[in-house]
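Peer 1: Have a look at this one.
The values are calculated or read from the model by the stated rules, or taken from the named source; none is laboratory data. Keep in mind that this is a model prediction, so the values were computed, not measured. Using ideal geometry, Cβ is built from the backbone for each residue, glycine included, and neighbour counts are taken over all protein chains shown.
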Amino acid sequence: MLFVVLAGVSGLVWGVGDFAGGKATQRAGALPVVWLSKLFSLPLLALYLVLLPTRPDPGGLAWGALAGVFGAVGVVVFYRALSAGAMTVVAPVASVTSAAIPVVVGLASGERPGPVALTGVTCALVAIALVSLAPPRPGVVSVVTGRLVGQAVVSGVGFALFFVFLARANVAAGGDAGLWPIASAQLAALVLTGTLVLVSRSRRSSGPGTRLWPGGRSLAWSAVAGPLDMSANALFLVATRYGDLSLVAPLAALYPVTTVLLAVVVDRERLRPLQVVGLVLALAALLLVSRP
């Protein structure tokens, strides 16, 4: 099925983009990294719009902008939560939340996937949680608090609403919104994060993710992360034209698989046994959902 391929590739590209974004934020603030990554994505987005011309739809643009705002909030809150070092809590909670809510929304709106496909969705949700598990960073003492869990949930909700509203943009445009919702999403996120950067700098905040401007390798990683993230968004949008949101979203949300595998190859990190189980379940999810 085409939507399975598109959603799977979307998750693959998102995972590479997340890996690049994580590299960028190791030595730079999250807000500047997110803002610059959005800025770096604009030339490629313009090329996409030229190569795939369609007429912009007001409804699609509005839903896309709304998706961009919530997506940007999700990214910023997610990075703030990760800065506390409790990755084993933050990443699984945020990832599963971002995948589960679109499934619920899709089913509530009348989507009725078959039992095999729903089994695949369940495998995907479990896989996302297991693959997202990671050991605490060396030298970082993390304290799991209610506020930290709350931030993880908020970030997951932000990502989930991004999925839902981007899919809604297609519906508002009669099934084919082109890539204009991606354009409005990127611009809305660019304006929001740019405003937050200016506010943070004017207040001289000492909080994590607000002071350090990307430079050198961080700047290069930001330039990689932005176009990849935007391209993944475009693939997800196209996937929702051909498949139900309740099936597309959990497959696209398997992006932690790519991030973890890149960490193994590039950073020589070791897979935990539960992560291996998660990888197997991710493969099972793709196979089950793709069955006619």
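Peer 1: Looking at Ala94 and the list (1) over 17 Å from the mean Cα position of the chain (by Cα); (2) of a type in the set (Gly, Ala, Ser); (3) buried (at least 24 other Cβ atoms within 10 Å of the Cβ), which single condition is not satisfied?
Peer 2: Result: Ala94 passes all but (1).
Peer 1: Say whether the condition of being within 22 Å of Leu254 (Cβ to Cβ), at pLDDT 85 or above and not basic (Lys, Arg) is met by at least one residue in the stretch 134-146.
Peer 2: Of all residues in the stretch 134-146, those within 22 Å of Leu254 (Cβ to Cβ) come to 134-135.
Then drop every residue that is not at pLDDT 85 or above, which leaves none.
Scanning the stretch 134-146, I find no residue that is within 22 Å of Leu254 (Cβ to Cβ), at pLDDT 85 or above and not basic (Lys, Arg), so the answer is no.
Peer 1: A further question follows. If I filter the stretch 80-103 for residues that are in contact with a Gly (Cβ under 7 Å, 6 or more places away or on another chain) and closer than 23 Å to Arg201 by Cβ, do I get at least one hit?
Peer 2: Yes, that holds for at least one residue.
Peer 1: Restricting the search to the stretch 182-203, which residues are touching a residue at least 60 places away in the same chain (Cβ under 8 Å) and farther than 20 Å from Leu44 by Cβ?
Peer 2: If the condition is that a residue be touching a residue at least 60 places away in the same chain (Cβ under 8 Å) and farther than 20 Å from Leu44 by Cβ, then Leu192, Leu196, Val197, Ser200 are the ones that fit.
Peer 1: Working carefully through the options Ala46, Ala28, find the one that is within 21 Å of Leu192 (Cβ to Cβ), more than 16 Å from the chain's Cα centre (by Cα) and free of Cβ contacts under 8 Å to residues at least 24 places away in the same chain.
Peer 2: Unique residue meeting the criteria: Ala46.
Peer 1: Then there is this: Which one of these is at pLDDT 75 or above, assigned to a loop (DSSP other than H, G, I, E, B) and surrounded by 23 or more Cβ atoms within 10 Å (Cβ to Cβ): Ala185, Ala169, Ala177?
Peer 2: Going through Ala185, Ala169, Ala177 in turn, just one is at pLDDT 75 or above, assigned to a loop (DSSP other than H, G, I, E, B) and surrounded by 23 or more Cβ atoms within 10 Å (Cβ to Cβ): Ala177.
Peer 1: Go through the residues of the stretch 239-254 one by one and say whether even a single one is farther than 15 Å from Gly106 by Cα, within 19 Å of the chain's Cα centre (by Cα) and of a type in the set (Ser, Thr, Tyr).
Peer 2: no
Peer 1: Take the conditions under 16 Å from Ala30 (Cβ atoms), in contact with a helix residue (DSSP H, G or I) (Cβ under 9 Å, 6 or more places away or on another chain) and modelled with pLDDT of 90 or more and apply them to Gly226. Does it pass?
Peer 2: Yes.
Peer 1: Please identify the pairs in which a residue from the stretch 151-163 that is under 13 Å from Ala253 (Cβ atoms) and touching a residue at least 12 places away in the same chain (Cβ under 8 Å) has its Cβ atom under 8 Å from the Cβ atom of a residue that is surrounded by fewer than 24 Cβ atoms within 10 Å (Cβ to Cβ) and of a type in the set (D, E, K, R), counting only partners at least 6 apart or on another chain.
Peer 2: Close Cβ pairs (under 8 Å, with a partner that is surrounded by fewer than 24 Cβ atoms within 10 Å (Cβ to Cβ) and of a type in the set (D, E, K, R)) do not exist here.
Peer 1: Determine whether the stretch 206-223 contains at least one residue that is modelled with pLDDT of 90 or more, surrounded by 22 or more Cβ atoms within 10 Å (Cβ to Cβ) and touching a Leu at 6+ places or on another chain (Cβ under 9 Å).
Peer 2: Yes: the stretch 206-223 contains one or more residues that are modelled with pLDDT of 90 or more, surrounded by 22 or more Cβ atoms within 10 Å (Cβ to Cβ) and touching a Leu at 6+ places or on another chain (Cβ under 9 Å).
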